[in-house]
Amino acid sequence: MIIGRHSLVMRQFSSITALLAVALTAGCVSFPGASPVSGKFVHRETGTYAVFQDRGRFYYSFRTDTPALDRHGLPRRLGFYDFAGAANTTPHLALNSFDAGRFTIRFSESRDRFYLSYPAQFLGERVYERVSDR
């Protein structure tokens, strides 16, 4: 009985430790040479947009051009991104359970635009271009 409880506690500890490690690294651009992305990117036809921060976070609204905003004026949908390598243009995305696996993003090499694939919303890809903050 004691051995069974000890084993259960160790499995729970291992699971919690693994989840903590994932949470701590989720918001980081993981590869030392990877270029972080920052700025607002807009789809010209729909007005939908995403705001990327160089610390691995992005706020997005791919369904409406007038999303609910947080107190900082950013869309309430928050995701995390990181790149596997310096030349990689497709980031790994960590999203809430509602959006997980529903869309993918691929950046141009210059990181001045990205291509959104969202099969449940539209066919093909939409191009989002970086806009000035003015």
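Read the figures in this text as sums done on the coordinates, not as results from a lab. Note that this is a predicted model, so its numbers are computed, not measured. With ideal geometry, Cβ positions are generated from the backbone for all residues, glycine too; neighbour counts draw on all protein chains shown.
Quick notes on this structure:
- Simple label model, 7 Å out from Cα along Cβ direction - A87 to R111, nm: 1.7
- All-pairs Cα distance distribution in region 27-134, expressed in whole percent, bin size 10 Å: 15, 52, 31, 3
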